[in-house]
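Computed from the coordinates by the stated procedures, all read-outs in this text should not be read as laboratory data. The model shown is predicted, which means the values in this text are computed figures rather than measured ones. Don't worry about glycine lacking a Cβ; one is built from the backbone with ideal geometry, like all the others, and counts go over all protein chains shown.
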Amino acid sequence: MRLNQRVRNVQRSQIKHNLPILNTGDTLRVGVMIQEAKKERIQNYQGTLLAKQRSGRNTTVTVYRISRGTSVERSFPLHCPTVQSIVVLNTAKTRRSKLFFFRNRKEKPIRLCNIFTKISSCIKV
């Protein structure tokens, strides 16, 4: 077997088939495996999905949240073994595929309209 075929076989074995459908504007909770010394634990990272990049095995998502007054962005490879779970907490209707304008918004709160309720009730982020 050639090296490329071995790499593809390993990648095929790591693909997760039970991932939820992710769209920009969704509020996600990503469970990430953290290893500290000899202990392992799952740390949840909750935020808004800003963008999805690539496809297939190399798919990554960028999640944005505000922590203690500072904005934090983090990219997660979806099929990585350290990503244990992805839960969609809320879905929102957006007009763009990448929400990078979230970074510069400070004065006005960002409103994402929930799909399941009326347009008048929007979520402020």
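To the nearest 20 debye, what is the magnitude of the charge dipole of segment 1-70 about its Cα centre, counting +1 on the Cβ of each Lys and Arg and -1 on the Cβ of each Asp and Glu? Could the numbers behind the result be given before it?
Values: 14 positive and 3 negative charges, 69 e Å.
Computed about the Cα centre, the dipole is about 340 debye.
Compute the semi-axes of the equivalent ellipsoid of segment 1-67, taking the square root of 5 times each eigenvalue of the Cα gyration tensor, and list them largest first in whole Å.
Working: eigenvalues 141, 76, 19 Å².
One finds semi-axes of 27, 19, 10 Å for segment 1-67.
For a footprinting-style exposure proxy, rank His17, His79 by other Cβ within 10 Å, fewest first. Working shown, then result.
Values: His17 5, His79 17.
Neighbour counts put them in this order, fewest first: His17, His79.
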